[in-house]
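To start, the structure itself, in structure tokens.
The values are calculated or read from the model by the stated rules, or taken from the named source; none is laboratory data. Note that the structure is predicted; figures quoted are calculated from it, not measured. Here the Cβ positions follow ideal geometry from the backbone for every residue, glycine too, while neighbour counts run over all protein chains shown.
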Amino acid sequence: MNLKINSLQHVGIPVTDIVSSESFYKRLGFENVMATGFEFNGGKGRVAMMRLNDMILEIYQMPEAELAEVRSRGNGHIDHIAFDVDDIDQTFIELKQAGFNMLEPEPVFLAFWTNGCKYFNITGPDGERLEFNQIL
């Protein structure tokens, strides 16, 4: 396998109030560099990419029907870490052929950033979710 990971791209954090969370991270020096909505189980969620220097936090608020699960987590929860890659399709093929536990049947397109992005997830030995992401 000749996998090429460039860097840690972002850390995904589910939040219960995206406005409050955005304000909190701005107080720490982060800047909102991308914000949009997304569909999930028929509801509308919101996401913001908060950047400080080379660090990006993806804060996202699930649709109202899904927030009970987020609230029940107690002391906070990091949902996933994402690695930046140059070729999402080739990365997917290599990891699938190597026998990793793939969570999506193929890379998924999201209308994030200027031209969108594609991602997929695998799970680690303790169920941790690792996302591979290419900003298009």
Worksheet, complete the sentence: When ILE5 is run through (1) part of a loop (DSSP other than H, G, I, E, B); (2) surrounded by fewer than 12 Cβ atoms within 10 Å (Cβ to Cβ), the failure sits at (2)
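Here's the yes/no breakdown for (1) within 19 Å of LEU8 (Cα to Cα); (2) among the aliphatic types (A, V, I, L, M); (3) in contact with a helix residue (DSSP H, G or I) (Cβ under 6 Å, 6 or more places away or on another chain):
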residue	(1), (2), (3)
ALA35	no, yes, no
ILE56	yes, yes, no
ALA65	no, yes, no
GLU104	no, no, no
GLY116	yes, no, no
THR123	yes, no, no
PHE132	yes, no, yes
Worksheet item: If we scan the range 53-72, do we find a residue that is among the small types (Gly, Ala, Ser) and either surrounded by 12 or more Cβ atoms within 10 Å (Cβ to Cβ) or outside any helix (DSSP H, G or I) (or both)?
Response: yes
Item to complete: May I ask you to verify whether MET50 is crowded, with 18+ Cβ neighbours inside 10 Å, under 16 Å from VAL11 (Cβ atoms) and at pLDDT 90 or above?
Response: yes
Item to complete: Have a look at VAL85, VAL19, VAL15 and point out the one that is among the β-branched types (Val, Ile, Thr), surrounded by 11 or more Cβ atoms within 10 Å (Cβ to Cβ), at pLDDT 90 or above and out of contact with any Leu (no Cβ under 9 Å at 6 or more places or on another chain).
Response: VAL19
Worksheet, complete the sentence: Residues of the range 94-106 being part of a helix (DSSP H, G or I) and either exposed (fewer than 13 other Cβ atoms within 10 Å of the Cβ) or aromatic (Phe, Trp, Tyr) (or both), in sequence order, are GLN97
Worksheet item: So is GLN90 of a type in the set (S, T, N, Q), more than 21 Å from LYS44 (Cα to Cα) and without any contact (Cβ under 8 Å) to a residue 60 or more places away in the chain or not?
Response: yes
Fill in: Long-range neighbours under 7 Å by Cβ, at least six apart or interchain, first residue assigned to a strand (DSSP E or B) within the range 23-42, second surrounded by 14 or more Cβ atoms within 10 Å (Cβ to Cβ) and charged (D, E, K, R)
GLU31/ARG51; ASN32/GLU22; VAL33/ARG51; GLY37/ARG46; PHE40/GLU66
Discussion item. I'd like to verify a number: residues in the range 107-127 that are surrounded by fewer than 13 Cβ atoms within 10 Å (Cβ to Cβ) and over 22 Å from THR36 (Cβ atoms), how many?
Written reply: 4
Worksheet item: Can you name every residue in the range 47-72 that is more than 19 Å from GLU131 (Cα to Cα) and free of Cβ contacts under 8 Å to residues at least 40 places away in the same chain?
Response: LEU52, ASN53, PRO63, GLU64, ALA65, GLU66, ALA68, GLU69, SER72
Discussion item. Here are the criteria: (1) in contact with an Asp or Glu (Cβ under 9 Å, 6 or more places away or on another chain); (2) of a type in the set (Asp, Glu); (3) in a loop (DSSP other than H, G, I, E, B). Tell me which single one ASP89 does not satisfy.
Written reply: (3)
Worksheet item: When residues of the range 107-136 are filtered for being aliphatic (A, V, I, L, M), assigned to a strand (DSSP E or B) and touching a residue at least 40 places away in the same chain (Cβ under 8 Å), how many remain?
Response: 3
